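Worksheet for the structure shown next.
Computed from the coordinates by the stated procedures, all read-outs in this text should not be read as laboratory data. Model, not experiment: these values are computed from the prediction. No Cβ is skipped: glycine too gets one built from the backbone with ideal geometry, and neighbour counts run over all protein chains shown.
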Amino acid sequence: MDDEEKQRMLKNFSDAGKIASKIASEVPKIVVPGESYFDIAESLEKMIFDAGAKPAFPVNISVNDIAAHFTPEADSQALIGEKDVVKVDLGVQIDGCIGDIAVTVDLSGEHGKLLEASQAALEAAISTIKPNVSVGKVGAVIEREIVSRGFKPIQNLTGHKIVPYILHAGVEIPNISSSASYEFKEGDIFAVEPFSSTGSGRVADTSQVEIFSLQAAPKLRLRYSRELLNHISSTYFSLPFAERWLRNVFNSKMALSAALRELLNSGALHPYPVLRDTGKGIVSQHEHTIIVEHDSARMLTSP
């Protein structure tokens, strides 16, 4: 990559981060009791398009003991409750360069300390990151901040390195103390996302899956499946997408379901099951995307 290409990429990351930050600031205004999950997700995704960018993944709206990967289905009637703790995780991409940000809204006003734990852990983690610091050390900082406030970090969810068109690029930031030895390098871009929980500190898959990403291109039997695979590969590349985004591809819901089923069974798609705290505890999440600079980390998802 020459200098001009590198500068263009960094500008795209910066612009995506600024858009993500601006849209995230609107979340508390639209996550209100009685609002539908579907309308929230669609509204936030529309804001991304209106800003001249694209969603990097479907807006996640994970409530109470649901920690991650919930996005509403196309015909969802679910409504936000009066005392819900709502985690909204959204991503913005410009030519594959991603700004990933998450905020938590406590509608009951009863979980301020829980939200403080994940927010403080995020701030402490970012202040620790610089070249030659290990991801394991950052995980220890996150764990310390959350545990010191009486909660548990979600130990099997992590932050992640980001490269263009790859949201999870093979290096993780644990949310607990770890022997993971990768050391941050100048120019690295990471999403840092602590989760704090009143429950077990672990999540498990549920049976619900609404988010997928492309992982292979096998031979397929159904014409609908081949058409869907072509649409996914040319539209989303390797980035996650929602089933509800595909409803306009086919007029027939039955054809879409059959095509998705064949893509899943063939290994073409990677599913992202909805994740729930195994102790049914309330979970909060805060996240920013950062770039590692000469002697510190700078938030890209800031105004």
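Remark: C-alpha extents of the stretch 210-274 on the principal axes read 24, 24, 21 Å, sorted largest to smallest. In the elastic network of the chain, a GNM with C-alpha springs shorter than 10 Å, the most mobile of I173, I290, I232 is I232. The residues neighbouring S225, those whose beta-carbon lies less than 14 Å from its own, together hold a net charge of +3 under the Lys/Arg +1, Asp/Glu -1 convention. For the stretch 210-274, the dipole from Cβ point charges (+1 on Lys and Arg, -1 on Asp and Glu) about the Cα centre works out to 220 debye, to the nearest 20. Most fluctuating residue of I80, I154, I142 in a GNM of the chain with Cα springs under 10 Å: which is it? Of I80, I154, I142, the Gaussian network model singles out I80 as fluctuating most. Could you work out the local net charge near S284, counting Lys and Arg as +1, Asp and Glu as -1, over the other residues with Cβ closer than 10 Å to its Cβ? Spelling it out: positives minus negatives among the neighbours equals 0.
Computed over the chain with a Gaussian network model linking Cα atoms closer than 10 Å, the most mobile of A56, A125, A216 is A216.
For E193, neighbours were defined as the other residues whose beta-carbon sits under 9 Å from its Cβ, and their charges (Lys and Arg +1, Asp and Glu -1) total -3. Backbone phi angles across the stretch 145-160, fed through the Karplus curve with coefficients 6.51, -1.76 and 1.60 (θ = phi - 60°), yield HN-Hα couplings of 5, 6, 5, 5, 9, x, 10, 10, x, 6, 7, 10, 10, 9, x, 7 Hz in residue order; Gly and Pro are listed as x.
Of the trypsin sites (Lys or Arg not before Pro) found in the stretch 33-116, those in coil by DSSP whose Cβ has at most 14 other Cβ atoms within 10 Å are K83. Dipole check for the chain: with +1 at the C-beta of Lys and Arg, -1 at the C-beta of Asp and Glu, and the Cα centre as origin, the magnitude is about 640 Debye. For E35, nonlocal amide neighbours, meaning residues 5 or more places apart or on other chains whose placed amide H falls under 5 Å from its own, are I80.
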